[in-house]
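Worksheet for the structure shown next.
The values are calculated or read from the model by the stated rules, or taken from the named source; none is laboratory data. Because the structure is a prediction, the values reported are computed rather than measured. No Cβ is skipped: glycine too gets one built from the backbone with ideal geometry, and neighbour counts run over all protein chains shown. Heads up: the accessible areas ignore ligands, DNA and RNA and are worked out on the full protein's heavy atoms, side chains in. Shrake-Rupley method; radii C 1.70, N 1.55, O 1.52, S 1.80 Å.
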Amino acid sequence: MIGVLGGTFDPIHFGHLRPALEIRQALGLREVRFIPLRQAVHRYQPLASADQRLVMLQAAVAGEAAFRVDDRELRRAGASYTYDTLVELRAELGAEEGICLLLGADAFTGFLSWYRPNDILELAHLVVMRRPGDAMMVEADLRVWVEPRLCLSAAELDQAPAGLVLFQDVTQLAISATSIRRLVAEGLSPRFLLPDAVIALIEGAALYR
């Protein structure tokens, strides 16, 4: 199985990296692909350019062999839809490879408003990253949707290439890209919130100032 983690990554930080590592280890994923979007659909547009975000991502994951940066959405014109990306990945990986789409708890609560959510689940599993013991308040329609698809372990995910939803506890760090950009704009150091290599790139390009 592989993991897929999408986002603006504006910039990438430890709040992305640590949960991705824990998910890879917990589920035995052979790799996690970080896929930066080109044009956001449900959130603000990135401030850093596509090239800048790509270089920051590459610097952040350089020391972790199982982490891979996939730039397909940056190369694709128009809005970045997860469904389109998963169609491409499924065609490349074949019908039998397990694909786990990694989502934060907040993103998951709005999942049914995404483009073709049911078709997404035909292409991949959903792995919802949550804080240990977090009950997660979700709307009734989402609870009804999840119930027949819910699984409780990585072993169950291994039995199919797609179609299941797993809630996985991770260490969720209270770090946001918004707060990092604000610190930089105010001339304060964001050190220990993201890799030093990424900070060097931000400073070198005078990003977020």
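With a sphere of radius 10 Å drawn around the Cβ of ARG90, what net charge do the other residues whose Cβ falls strictly inside it have (Lys, Arg +1; Asp, Glu -1)?
-4
So if I take the alpha carbon set of the chain, get Rg, then get Rh from the Kirkwood formula, what is the Rg over Rh ratio?
Ratio of gyration radius to Kirkwood radius for the chain: 0.95.
With the cut-off at 1.5 for a/c, could you classify segment 49-117 from its C-alpha gyration tensor as rounded, prolate or oblate?
rounded
So which trypsin sites (Lys or Arg not before Pro) in segment 143-195 pass both tests, a DSSP loop state and at most 14 other Cβ atoms within 10 Å of the Cβ?
Numbers: sites: ARG143, ARG149, ARG181, ARG182, ARG191; in loops: ARG191.
Of the trypsin sites (Lys or Arg not before Pro), the ones in loops of segment 143-195 whose Cβ has at most 14 other Cβ atoms within 10 Å are ARG191.
Using a 1.4 Å probe, how large is the accessible area of THR109, given in Å² and rounded to the nearest 10?
Approximately 70 Å² of THR109 is accessible to the 1.4 Å probe.
Long-range amide H contacts for ALA124: which residues qualify at under 5 Å (H placed 1.01 Å from N, peptide plane, sequence gap of 5 or more or a different chain)?
GLY163
Whole-Hz Karplus ³J(HN,Hα) for segment 157-174, in order, using 6.51 cos²θ - 1.76 cosθ + 1.60 and θ = phi - 60°, x for Gly and Pro?
4, 5, 7, 8, x, 6, x, 10, 10, 10, 9, 10, 5, 9, 6, 9, 8, 7
With a length cut of 18 Å (Cα positions projected on each helix's long axis) and a Kyte-Doolittle mean of at least -1.0, go through the chain and give me the DSSP H helices that pass.
Working: long enough: 14-27 (19 Å, 0.08).
Length and hydropathy pass: 14-27.
Give the shape of segment 1-122 as rounded, prolate or oblate, defined through the alpha-carbon gyration tensor: a ≥ b ≥ c are the square roots of its eigenvalues, a/c under 1.5 means rounded, and otherwise the shape is prolate if a/b is larger than b/c and oblate if not.
Because its axes are fairly even, with a/c under 1.5, segment 1-122 counts as rounded.
Need one value: the accessible area of HIS42 in square angstrom, 1.4 angstrom probe, rounded to the nearest 10.
Its heavy atoms expose roughly 120 Å² to the probe.
Longest span of the chain, sites excluded, free of GluC sites (Glu not before Pro) in DSSP loop with at most 10 other C-beta atoms within 10 Å? The partial results should precede the final answer.
Details: sites that count: GLU96, GLU186.
Longest stretch, sites excluded: 1-95.
Around GLY28, with a cut-off of 15 angstrom between Cβ atoms, what is the net charge of the other residues, counting Lys and Arg +1 and Asp and Glu -1?
Within the 15 Å Cβ shell, the charges total -3.
Loop only per DSSP, at most 16 neighbouring Cβ atoms within 10 Å: give me the chymotrypsin sites (Phe, Trp or Tyr not before Pro) in segment 23-83, ordered by residue number.
TYR44
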